[in-house]
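Down below is the structure, laid out as structure tokens.
Every number here is computed from the coordinates shown, using simple stated rules; none is lab data. Treat the numbers as computed from the prediction; the structure is a model and nothing was measured. Please note: Cβ atoms are built from the backbone with ideal geometry, for glycine as well, and neighbour counts cover all protein chains shown.
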Amino acid sequence: TAAVALVACLALATHVGIRRTAFGRRLRIAADSPEAAQSLGVSPGMMRSLAFVIVSLGTGVAGVLYPPIVGHVSPAAFSLDLSILFFFAVIVGGRGQVLGTVAGVFPVFWANALLLLIGGYFSAEKRR
């Protein structure tokens, strides 16, 4: 778990570092307005490729850390429900906002837990 916390801190530091540099501004302008990026001499295609490489590196590190923590990898661990939870966490938190996405996990998670609790209560009432 220390490795996960360290990687999470490094990922957050990398995110903040990239956003505050000229490279981060070029990435942002290429994402927001490819035409404006081209007029400034920034290649939107190259910026997208570099963004893909950066995200792929992060995903690869997460993939390397996952099996030792869980003990085994199974397709059953990645359900549709979990994918929907992650998707809504990003939607609730806001795109492009790391802290927003982290904060978005909590209302989505608690809403899910509350619905399970309510559903369990009513199914127990039915059995009486």
Going by average Cβ density within 10 Å per residue, which order do the peptides 73-85, 106-118 take, highest to lowest?
106-118, 73-85
Treating only the Cβ atoms of Lys and Arg (+1) and Asp and Glu (-1) as charged, compute the dipole magnitude of the chain about its Cα centre; round to the nearest 20 debye.
140 debye
Potential lengthening between V16 and D32 on full extension [0.36 nm per residue; Cα-Cα distance subtracted]:
3.9 nm
Neighbourhood net charge (15 Å Cβ-Cβ; Lys/Arg +1, Asp/Glu -1) for A30:
+3
Which FRET efficiency value, to the nearest 0.05, do you get for V102 and V42 by plugging their Cβ-Cβ distance into 1/(1 + (r/R0)^6) with R0 = 30 Å?
0.55
Dipole of the chain (Lys/Arg Cβ +1, Asp/Glu Cβ -1, origin at the Cα centre): which of V16, I54, L65 lies farthest to the positive side?
V16
Each residue of region 71-84 in turn: what ³J(HN,Hα) in whole Hz from Karplus with 6.51, -1.76, 1.60 and θ = phi - 60°, glycine and Pro shown as x?
x, 7, 10, 9, x, 5, 6, 10, 8, 5, 4, 5, 5, 5
What are the trypsin sites (Lys or Arg not before Pro) within region 1-102 that DSSP puts in a loop, where the Cβ has at most 15 other Cβ atoms within 10 Å?
R20, R95
As a test of the formula, what do you get for the chain when each DSSP H run with n ≥ 4 contributes -39,500 (n - 2.57) and the sum is divided by the residue count, at 222 nm and rounded to the nearest 500 deg cm²/dmol?
-28000 deg cm²/dmol
On average, how much area does the Cα convex hull of the chain cover when viewed from any direction, in nm²?
10.8 nm²
Tell me which residues come under 5 Å, amide H to amide H, from S33 once H is placed; ignore anything under 5 positions away on its chain.
none
